[in-house]
Amino acid sequence: HRFVVADIVRGEKDGEMTLSWNGKAIDVDHKGEKVVEVPSVSNFKIVDIQVYQNPQQYVAINFSDPLLAAQNLAGLIGIQDYSGELKSTIDRNRLLVYPSSRLAGNQMLTVQGSIRNILDKKMGNPVTWSLQFEQLKPQVRLVGKGVIMPNSDGLIFPFEAINLNAVEVEIFQIYHNNILQFLQTNELDGNQELERVGKILLQKKIDLKGLNPTGNSAEWTRYALDLSKLIKQDPNSIYQVRIAFRKEYSNYHCEGGGSAQVSEDEEVYDGEDYYYEDSGPYDGEGELRSIMGGWYGIAGYYRGYNWEHREDPCFPAYYNYDNFAKRNVMASDLGIIAKTGKDQSAFFIVTDLRTAKPVSGANIEIYDYQRQLIQQVSTNDQGIAETKYEGVAFVALAKKGSQSGYLKI
C-alpha cells in the first residue's frame, strides 16, 4: 500500500517530522517510526536517492524542489568507474537516471551542484552518494497459461529468462494410450505419478543467444522453443516441457570469480563433480534422471550440498527444481464443451480453437473411471452431439482426423 501525507508546510528553517506506524488495528505485529527531514523553502537539495531494478534498472534522485525542465543535464550526473551512457529524465522534483547497461554492486553517484530548480537556482555544492545495485538472480519463468496448443502458431513454447546464457530443456512424454490413466490422478496440467504413464523423451542444453541473438541476459528476455518437430512424432501425446539451469549457465557475478562460460555444442550432464558415484545422469535401470527430480539440487545428490545456500546463486544449492519451470502441453485444435444431466444424458459442442467454427463429424468417446468405453457419438454440421449413456462418465475423448482432445467430466 502507498500512503501520501499532504499539506506539509516548508518554513524558513529546516525541520523534521516523525512518521510512525502500528499494525495492531489489522492484527499485524509490527510497528515503528521514521524521522523525515523537511527542508526549508530556501534549501534546494537532494533529499533521497533510490535504485530500482525492474523492469528497467534506473536511479531516482529526489530533490526538495521541482527541477527546471529546460536545463541541459549533460555532465551533471556521473557514476564512478562507469564509462557507459547515462540518460536522464526530469519528472517534477525527481531526476531519473538510466544507465545503458545494468550495474551491479556498490557504486558512487555524483550530482554536480550546478543543477537548477524551477526558480533557476543552483543547488550549490556537489553531492556524492553511495548506491547498491542489486543483481537479479538467474531465473526462468513461463509465459501465458493453459495446456492446449493449437497448431496455427507452429507449436511455439515461449518462456523468459534473466542472468542466464543457457538452459537445459527436458521433455517428458505421457503416451497417448496412457492419457486416461494419467487423468485418473491428474487434471490436464497435473504432475502426479508421471513415471506410471510416460518417460523422459529428450534432454538438451540450449544456448539462449541461439534463440534470441539480440536479447539482453541482464534483463528479463523472451525466448521460444519450437516443439513442432518433436510433437509430430506423436501428436496425440501430452508432453511436459521442463526448463532448468546449472550454475555454469549463470551470468550472476560472485565475489572471487565470474561465471563459467559454456559452448554451444557442450553435452548435457558433464558436471561429474556434482554427483556421488552412484548418482549420475542415469538411474539403475538405464533411464535418464529427471532435472526436476533431483539428480542435482535440493535433493542433495552432489557433494557439498548445503540447504542454507538454496537462495544464493553463488552456491550450487540454488540450482534446484524449486527455481525451474515446467508446463504440460498438448497439440490440439479441438475445443470441447460438455453438459451432462442426472438422467445420464450428455450434450457436446466441439469447435476449432483456431477459427471458433464448429467441427462436424468429430467422434466423441465417453469413458468411465475404469477407462471402459460406455458410449460414443458424432457431432453434426453444427459441431453438436447429444446422447445418453450407462454408468458414470469420467472423460470425453473427441477425435477428428489426426486431432484429439480430452475433457474430464
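Restricting 103, 73 to residues that are in contact with a Phe, Trp or Tyr (Cβ under 6 Å, 6 or more places away or on another chain), assigned to a loop (DSSP other than H, G, I, E, B), within 30 Å of residue 220 (Cα to Cα) and open to solvent by less than 50 Å² (accessible area, probe 1.4 Å) narrows the list to 103.
Within the stretch 353-385, the residues that satisfy the criterion of being in a strand (DSSP E or B), free of Cβ contacts under 8 Å to residues at least 24 places away in the same chain and not polar (S, T, N, Q) are 373, 374. Scanning the stretch 219-269 for residues that are at pLDDT 75 or above, touching an Asp or Glu at 6+ places or on another chain (Cβ under 9 Å) and assigned to a loop (DSSP other than H, G, I, E, B) yields 220, 245, 246. Identification of strands (runs of 3 or more DSSP E) wholly contained in the stretch 118-180 with 1 or more residues that are under 20 Å from residue 231 (Cα atoms) yields 139-142, 156-162, 166-174. Taken over the stretch 346-373, the criterion of being open to solvent by less than 40 Å² (accessible area, probe 1.4 Å), among the aliphatic types (A, V, I, L, M) and over 17 Å from residue 333 (Cβ atoms) is satisfied by 346, 366. Cβ-Cβ distances below 7 Å connect the following pairs, each with a first residue in the stretch 194-216 that is closer than 14 Å to residue 238 by Cβ and in a loop (DSSP other than H, G, I, E, B), a second residue that is of a type in the set (Ser, Thr, Tyr) and open to solvent by less than 80 Å² (accessible area, probe 1.4 Å), and a separation of six or more residues or different chains: 197/175. When 47, 28, 36, 59 are checked against the criterion of being out of contact with any helix residue (DSSP H, G or I) (no Cβ under 9 Å at 6 or more places or on another chain), closer than 30 Å to residue 9 by Cβ and loosely packed, with under 15 Cβ neighbours inside 10 Å, 36 stands alone in meeting it.
The values are calculated or read from the model by the stated rules, or taken from the named source; none is laboratory data. Just so it is clear, the model here is predicted, and its values are computed rather than measured. Heads up, the Cβs are rebuilt from the backbone with ideal geometry, glycines too, and the neighbour counts pull from every protein chain shown. Ligands, DNA and RNA are stripped out before the accessible areas are found, and what is left, the full protein with its side chains, is counted by its heavy atoms. Shrake-Rupley method; radii C 1.70, N 1.55, O 1.52, S 1.80 Å.
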